[in-house]
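Encoded as structure tokens, the structure appears first; notes follow it.
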Amino acid sequence: MKLPNIKEQNDKYKEHFKKISKSNSYKETAELAVGGEFDRIGRIEYELLKKFGLNSEHSVVDVGCGSGRLAKEFPKNFKGNYLGTDVVPDLLDYAREIKSEENFTFEVVENLTIPKSESSVDYVCFFSVFTHLFHEQTYKYLLEAKRVLKNNGYIIFSFLEFKIKSHWAVFESNLIEEQTHLNMFMDRDAIKLWADKIGLVLSKILDGDRRQVDEYKNLDSLGQSVAVLQNLD
């Protein structure tokens, strides 16, 4: 079976943004287009990177960065470099407005690529990205992340799985609602196999229904499970 053209998938996200914008302000549209809870989710994403060693000198690629909810949470003393990529130009425009420091850049990327040179990045994160891709596409993105990752660097991504009872509602919604985007589940055996094949170490999986970071306003989980892969080449 031939996979859908990635451009067709990307176009759906652009149309989704336009649809939301018809009944909301620019700010509301930019925040709703990435699922809402803009500040809370961004803060948890940032705390997850810190949990696995992020410091002020590291380099970060945030694939599917959307309107900048993670970028917004980086402190003023962050001296590393951050690259956010997304398929929706309007979302990146908003991200540039809220995070305009010179060491923060945002680029439109239409394909499963990361515009960085080999072995140049400390962290690559995919928050709510693989949840909307086919497994073959996810695997290709992991290969690309491995290419740009430094030795001892990390790949951190969120995912949906049947192991977590609360994720069932997402699957069930696929049966009764017309979805804007694909909701894809994966399992831990597949993640471990992919990591082995690519030459990464699966160092941690955090359950989506348990505390993932230190308490943040009593809301301390993304709601999705989180996998942490490390490059130990």
Which one of the conditions (1) in a loop (DSSP other than H, G, I, E, B); (2) surrounded by 19 or more Cβ atoms within 10 Å (Cβ to Cβ) does V124 fail to meet, given that it meets all the rest? (1)
Please go through region 17-51 and pick out each residue that is among the basic types (K, R) and not in a loop (DSSP other than H, G, I, E, B). K18, K19, K27, R40, R43, K50, K51
Looking at the structure I just gave you, is E215 closer than 23 Å to E73 by Cβ and surrounded by fewer than 17 Cβ atoms within 10 Å (Cβ to Cβ)? yes
Taking region 173-189 and keeping only residues that are of a type in the set (A, V, I, L, M, F, W, C) and open to solvent by 50 Å² or more (accessible area, probe 1.4 Å), one is left with L175, I176, L182
Going by the conditions given, is V88 touching a His at 6+ places or on another chain (Cβ under 9 Å) and among the β-branched types (V, I, T)? yes
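Residue-by-condition table, conditions (1) of a type outside the set (S, T, N, Q); (2) not in a helix (DSSP H, G or I):
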| residue | (1), (2) |
| --- | --- |
| A95 | yes, no |
| S100 | no, yes |
| E107 | yes, yes |
| E110 | yes, yes |
| S119 | no, yes |
| T131 | no, no |
Which residue pairs have Cβ atoms closer than 7 Å, lie 6 or more positions apart in sequence or on different chains, and pair a first residue in region 12-33 that is over 16 Å from R69 (Cβ atoms) with a second residue that is open to solvent by 40 Å² or more (accessible area, probe 1.4 Å) and modelled with pLDDT under 85? K12/T180; K12/H181; H16/T180
What number of residues within region 51-104 are farther than 25 Å from E118 by Cβ, open to solvent by less than 30 Å² (accessible area, probe 1.4 Å) and not polar (S, T, N, Q)? 8
Going by the structure shown, is E8 closer than 24 Å to Y139 by Cα, touching a Ser or Thr at 6+ places or on another chain (Cβ under 6 Å) and surrounded by fewer than 17 Cβ atoms within 10 Å (Cβ to Cβ)? no
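Residues are listed down the side, and each one gets a yes or a no for (1) closer than 18 Å to D196 by Cβ; (2) open to solvent by less than 30 Å² (accessible area, probe 1.4 Å):
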{"site": "L133", "(1), (2)": "no, yes"}
{"site": "E136", "(1), (2)": "yes, no"}
{"site": "L142", "(1), (2)": "yes, yes"}
{"site": "V148", "(1), (2)": "no, yes"}
{"site": "K163", "(1), (2)": "no, no"}
{"site": "F171", "(1), (2)": "no, no"}
Going residue by residue through region 31-50, is there one that turns out to be open to solvent by less than 40 Å² (accessible area, probe 1.4 Å) and more than 16 Å from the chain's Cα centre (by Cα)? no
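The values are calculated or read from the model by the stated rules, or taken from the named source; none is laboratory data. Remember, it's a predicted structure, so these values are computed and weren't measured experimentally. With ideal geometry, Cβ positions are generated from the backbone for all residues, glycine too; neighbour counts draw on all protein chains shown. These accessible areas exclude ligands, DNA and RNA; they are computed on the full protein's heavy atoms, side chains included. Shrake-Rupley method; radii C 1.70, N 1.55, O 1.52, S 1.80 Å.
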